[in-house]
């Protein structure tokens, strides 16, 4: 699954980039990024970051083919982890 991403540039330099949404989803789940967000969180009952902080998140974007490759590898690894988890639970 992919979508177009419009990069914020001056009107004369608009650039359209194809982005695999699963790639972005997986990137947002990385421990390093989550640690960064935890440092920025404020609030007592429901700590959160601001939209502005989230919008400033820089996401590395390799080519669409590389994004797809990364997503496939992560999906394969997750499938193995789920299989191992199911084997562990049946013991």
Exercise for the section: Give region 55-74 a look and list any residue that's touching a helix residue (DSSP H, G or I) at 6+ places or on another chain (Cβ under 8 Å) and in a helix (DSSP H, G or I), or say none. Expected result: 67, 68, 70, 71, 74
Handout entry: Matching option when the condition is at pLDDT below 95, on the phi < 0 side of the Ramachandran plot and either under 15 Å from the mean Cα position of the chain (by Cα) or surrounded by 11 or more Cβ atoms within 10 Å (Cβ to Cβ) (or both), among 74, 33
Key = 33
Fill in the blank from the handout: Reported set for region 10-30 where residues are surrounded by 10 or more Cβ atoms within 10 Å (Cβ to Cβ) and over 30 Å from residue 75 (Cβ atoms) is 14
Practice task
Return yes when residue 64 is touching a strand residue (DSSP E or B) at 6+ places or on another chain (Cβ under 9 Å), within 25 Å of residue 17 (Cβ to Cβ) and either at pLDDT 90 or above or loosely packed, with under 10 Cβ neighbours inside 10 Å (or both) and no when it is not.
Solution key: yes
Handout entry: Test: residue 81 is surrounded by 13 or more Cβ atoms within 10 Å (Cβ to Cβ) and modelled with pLDDT of 90 or more
Key = no
Fill in the blank from the handout: Scanning region 36-53 residue by residue, those surrounded by 10 or more Cβ atoms within 10 Å (Cβ to Cβ) and assigned to a helix (DSSP H, G or I) turn out to be 36, 37, 38, 40, 53
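The values are calculated or read from the model by the stated rules, or taken from the named source; none is laboratory data. The model shown is predicted, which means the values in this text are computed figures rather than measured ones. Glycine also receives a Cβ, built like all others from the backbone with ideal geometry; neighbour counts cover every protein chain displayed.
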